[in-house]
1. What about residue 192, is it modelled with pLDDT of 85 or more, among the polar types (S, T, N, Q) and crowded, with 23+ Cβ neighbours inside 10 Å?
2. Which of (1) modelled with pLDDT under 95; (2) farther than 30 Å from residue 10 by Cβ; (3) of a type outside the set (Ser, Thr, Tyr) is the odd one out, the single condition residue 253 does not satisfy?
3. Given the options 185, 173, 168, name the one that is in contact with a Gly (Cβ under 6 Å, 6 or more places away or on another chain), at pLDDT 95 or above and aliphatic (A, V, I, L, M).
4. Does the range 110-154 hold any residues that are surrounded by 15 or more Cβ atoms within 10 Å (Cβ to Cβ) and free of Cβ contacts under 8 Å to residues at least 24 places away in the same chain, and which are they?
5. So in the range 11-52, with the set limited to residues that are among the acidic types (Asp, Glu) and surrounded by 17 or more Cβ atoms within 10 Å (Cβ to Cβ), which one is nearest to residue 92 (Cα to Cα)?
6. With respect to the numbered conditions (1) in a helix (DSSP H, G or I); (2) modelled with pLDDT of 95 or more, which one is the sole condition not fulfilled by residue 270?
7. Looking at 40, 70, 23, can you tell me which residue is in a loop (DSSP other than H, G, I, E, B) and modelled with pLDDT of 95 or more?
8. Can you confirm whether the range 50-67 contains a residue that is under 21 Å from the mean Cα position of the chain (by Cα), under 25 Å from residue 150 (Cβ atoms), part of a strand (DSSP E or B) and modelled with pLDDT of 95 or more?
Amino acid sequence: MTNRPLGKTGFGASILGIGDLADRAASLDTCVATLRRAVDFGLNVVDTAPGYENGYSEQIVGAALRGRRDGVFVIDKVDHLDQPVGPQVDQSLTALGMEVVDLFVFHAVSDVPSWDRIAEVAMAELARCQAAGKVRFRGISSHNPEVLRAALVSGLCDLVMFPVGPFVDRRYVDEILPLARQHDVGTVCFKTFGAGKLLGDTTGYNQPLQPRPRGKFSSGGQTPAEEPQLPRLSVADCLHYTLTLDPDVALLGLSFPNEQDAVLQALLEFRPLSREQMEDIRRRAAKAVAGKGACWWNPGAA
């Protein structure tokens, strides 16, 4: 597992991170074992939030990292942007069973006025949590390039989270990634698989990857007679595209062992793609998302 500096945090982050790992159809013990399996593979960035499965994600992360906290960078969220920050931080620390979280981000900041309010008041509240030793770093997650640009130039963020992948608004890649590097702000990027739209027939997040018969790979557990009817990309297509763009961390949903195995195999096979290969994947990605619902991470896009 390749590690690299995570902005100016001083942390050596794995090139892959573990996204929202919470499925109430699976037992706590199963989810804990799955998360620990990823950490054993060398992934050391773990993302959670209070709102993921109504607290189940934080419960899983806390249980999985009990006794194994050292060397893992834990990201949690301030979900309620219009409420006091301190009580939300305290509630998450209690849910996790931790004294300190590495990074709290303001979750899904959707427009510039919301960011302005955070910059004026909430960031100072989070700074007080830093001073109290409850959190090490501050940042935001957003699906809006204009918000991210304002956050990066403000100097208030140690890390930003945003979409990068074969089907995202080009501003994330052409403007936000370079601007983050310019300001030495860490980048943890999601939507490599387009919320699942690029891998299968789904409107997003409701088709976990499942193995096909004979150990082959599928995105909805289809039998050979139920193969997807719409275009799709492979796990390797998507991951190699994102890794070629080189964010600090590619944050992936790795909720099942077969998902982990497919991603790690693609990582082993990774070589930076040529411009022609990148263009080909972008072209196929545009076809693969068609007819699968809104891509909410692309402002103004259907």
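The values are calculated or read from the model by the stated rules, or taken from the named source; none is laboratory data. Computed from a predicted model, the values in this text were never measured in an experiment. Virtual Cβ from ideal backbone geometry, glycine too; neighbours counted across all protein chains shown.
1. Values: modelled with pLDDT of 85 or more: yes; among the polar types (S, T, N, Q): yes; crowded, with 23+ Cβ neighbours inside 10 Å: yes.
It is true that residue 192 is modelled with pLDDT of 85 or more, among the polar types (S, T, N, Q) and crowded, with 23+ Cβ neighbours inside 10 Å.
2. (2)
3. The unique qualifying residue is 185.
4. Passing the criteria: only 130.
5. Step one: of the range 11-52, the residues among the acidic types (Asp, Glu) are 20, 23, 29, 40, 47.
Remaining after also requiring surrounded by 17 or more Cβ atoms within 10 Å (Cβ to Cβ): 20, 23, 47.
Values: 20: 15, 23: 19, 47: 13 Å.
Step by step, filter the range 11-52, then rank; the result is 47.
6. Against the list (1) in a helix (DSSP H, G or I); (2) modelled with pLDDT of 95 or more, residue 270 comes up short only on (1).
7. Values: 40 fails: in a loop (DSSP other than H, G, I, E, B); 23 fails: modelled with pLDDT of 95 or more.
It is 70.
8. No, the range 50-67 contains no residue that is under 21 Å from the mean Cα position of the chain (by Cα), under 25 Å from residue 150 (Cβ atoms), part of a strand (DSSP E or B) and modelled with pLDDT of 95 or more.
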